[in-house]
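Read through the structure below, which is laid out as structure tokens, and then see the notes.
The values are calculated or read from the model by the stated rules, or taken from the named source; none is laboratory data. Keep in mind it's a predicted model, so treat the numbers as computed, not measured. Cβ placement follows ideal geometry from the backbone for every residue including glycine, while neighbour counts extend to all protein chains displayed. In case anyone asks, the SASA skips ligands and DNA or RNA and just uses the protein heavy atoms, side chains included. Shrake-Rupley method; radii C 1.70, N 1.55, O 1.52, S 1.80 Å.
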Amino acid sequence: MALTSALENTNARMAVTFGGKNKTKTMDSEHSEDFYEPLTEHQGERSRISKKYVVYTIFASLNQLLLGYNVGVMSGAIIFIQEDLKITDVQQEILVGIFGFVSLLGSVVGGKTSDLIGRKWTLALAALLLQLGSTIMAVATSFQILILGRLLSGVGMGLAVMIAPMYIAEISPADARGLLTSFPEVFVNVGILLGYVSNYAFSGLSVHINWKIMLGLGILPSLFIWFALFIIPESPRWLVMQNSVEEARSVLLKTGENEADVEERLMEIQEAAGISDDVDKYAERSVLRELLIPSTSVRRMLVVGLGIQAFQQVTGIDAVMYYSPEIFKDAGIESNSKLLAVTVAVGVSKAAFVWVSTFLTDKLGRKPLLYVCTIGMTLSLSTMGFTLALLGKGQVVIALAILCVCGYVAFFSLGLGPLCSVVTSEVFPLRLRAQASALAAVVNRLCSAFVAMSFLSLAQKVTVSGAFFIYAALSVLSVLFVHTLVPETKGKSLEQVELLFQDQTDCRGSKMEKGDSSEHLVRKAIVIGA
């Protein structure tokens, strides 16, 4: 029956979805529904049976805990570093911003590194660099040594931000991929909150030692990463790219799927990688060439993947996270202990709402959460700008500032925070995923560094309220970007997502390959029927 059904559906429909608008093409006729439907309830239940997905995801996200801690702890530690080492405002901007800027190097080499040594060992390399950087900063006695530690941590950060979401996306089932790929951002937010709590807890110690303890504590959570390496498997998609199909099959079986499902997934992965057993259907193209001279579909992927990474940063999140004490000081809070206590409230808001996003991503979809996020961020930033510009200082201004900043980070954590890495890890095809994800991470880190290294100078030129108005204007653009260009990927496999960006002339399912499409359906039917 399965074989007969497959033969009857030779003229399969190809769905083309872009920017939230569905246009369905067929080879011989037009239809009103998509060919690729989300997984059935039975399939979704089966995918969730294995708890190993969650275990692997948690272990793969541990680097992000240290990454978030580095961001959170520096916002408070910089107050005491400035007092202890007598650094200037320019040196302060360099110390804060260099972390994001040098992470470009990690992101640039991350794609090639993960293709050469694998996703798993790239996670290990990121952990090693983050740990070395934290250790050096904890024992630093001068600005120069601090910069060295910050440089190493930055490179590790560049590797971590691109590899963890990609690894998790490649091992996750389609119906739970949004949830699992959001975990790195959850750990980032937990790390940021721990950094804020550390700042407040040790602020009463001597200025010569408190910031060193703050920075040094970041080493502890990363020690679990080395234990995790004995637990987590290599990405099955990377293994297929290395022609290690049996190892990939073994990894998929370990997650609790039955043999028929594993064979079906392997077939899809092999075809996406272009190494199907029957025939080499597509001529190999250099990955770099394909990214530099992209086809129409790849260009669309790059616009979405790189664009969402840019908007995550240019809307001001790093300015708020690194310089929140400066922002609240401008609103009227003067005591260092009170400044650090308020930042804890910011961290709680950010960490709490990322959990909300995590559990809604696969239920509501990516776009609805991105709409709520970008619109909410725009309102929060605008209100903050008007509050500081029109009301001056005082208790009312302080209360409104706290409300606006907490609201801003809450909306950010609901959408752009976790979903940026989710969308980027989904939109690129397997053959380009590592290199394109690295390029997207480069864009993210470049924008992050620019925001972090320019906020104090920008605030001096246009005031803190003026800076918030600029971020609000960019946030308006992010709303338009989500509406017009970002597709909904909820419930689709990574191989199906690739087809969302293709048109009739660029699609694999064109008339020239009609026969190939039929053969693929027949092979899948044989596997299922067996």
Filter result for the condition that a residue is at negative phi, touching an Asp or Glu at 6+ places or on another chain (Cβ under 7 Å) and not aromatic (Phe, Trp, Tyr), over VAL348, VAL354: VAL354
Within segment 421-438, residues being part of a helix (DSSP H, G or I) and buried (at least 24 other Cβ atoms within 10 Å of the Cβ) number 12
Can you tell me which residue within segment 215-238, out of those that are of a type in the set (Phe, Trp, Tyr) and assigned to a helix (DSSP H, G or I), is least open to solvent (accessible area, probe 1.4 Å)? TRP238
If a residue has to be in contact (Cβ under 8 Å) with a residue 40 or more places away in the chain, open to solvent by 20 Å² or more (accessible area, probe 1.4 Å) and polar (S, T, N, Q) to count, how many in segment 182-214 make the cut? 1
Let me confirm something: among SER276, SER286, which residue is modelled with pLDDT under 80, out of contact with any Cys (no Cβ under 9 Å at 6 or more places or on another chain) and open to solvent by 30 Å² or more (accessible area, probe 1.4 Å)? SER286
Restricting attention to segment 461-468, does a residue exist that is of a type in the set (Ser, Thr, Tyr), open to solvent by 20 Å² or more (accessible area, probe 1.4 Å) and at pLDDT below 90? yes
Counting just the residues of segment 352-372 that are surrounded by 22 or more Cβ atoms within 10 Å (Cβ to Cβ) and at pLDDT 85 or above, which one comes out nearest to ALA472 (Cα to Cα)? LEU370
Failed item in (1) open to solvent by 10 Å² or more (accessible area, probe 1.4 Å); (2) out of contact with any Lys or Arg (no Cβ under 6 Å at 6 or more places or on another chain), with ASN63 passing the rest: (1)
Out of everything in segment 373-409 that is open to solvent by less than 10 Å² (accessible area, probe 1.4 Å) and within 23 Å of the chain's Cα centre (by Cα), what residue ends up being farthest from SER478 (Cα to Cα)? VAL405
Would you confirm, using the coordinates I've provided, whether GLN92 is at pLDDT 80 or above and either open to solvent by less than 20 Å² (accessible area, probe 1.4 Å) or part of a loop (DSSP other than H, G, I, E, B) (or both)? yes
When only residues in segment 480-492 that are assigned to a helix (DSSP H, G or I) and open to solvent by less than 30 Å² (accessible area, probe 1.4 Å) count, which is farthest from THR181 (Cα to Cα)? PHE481
Given the residues THR378, THR387, which is the only one that is modelled with pLDDT of 85 or more, part of a helix (DSSP H, G or I) and over 24 Å from CYS447 (Cα atoms)? THR387
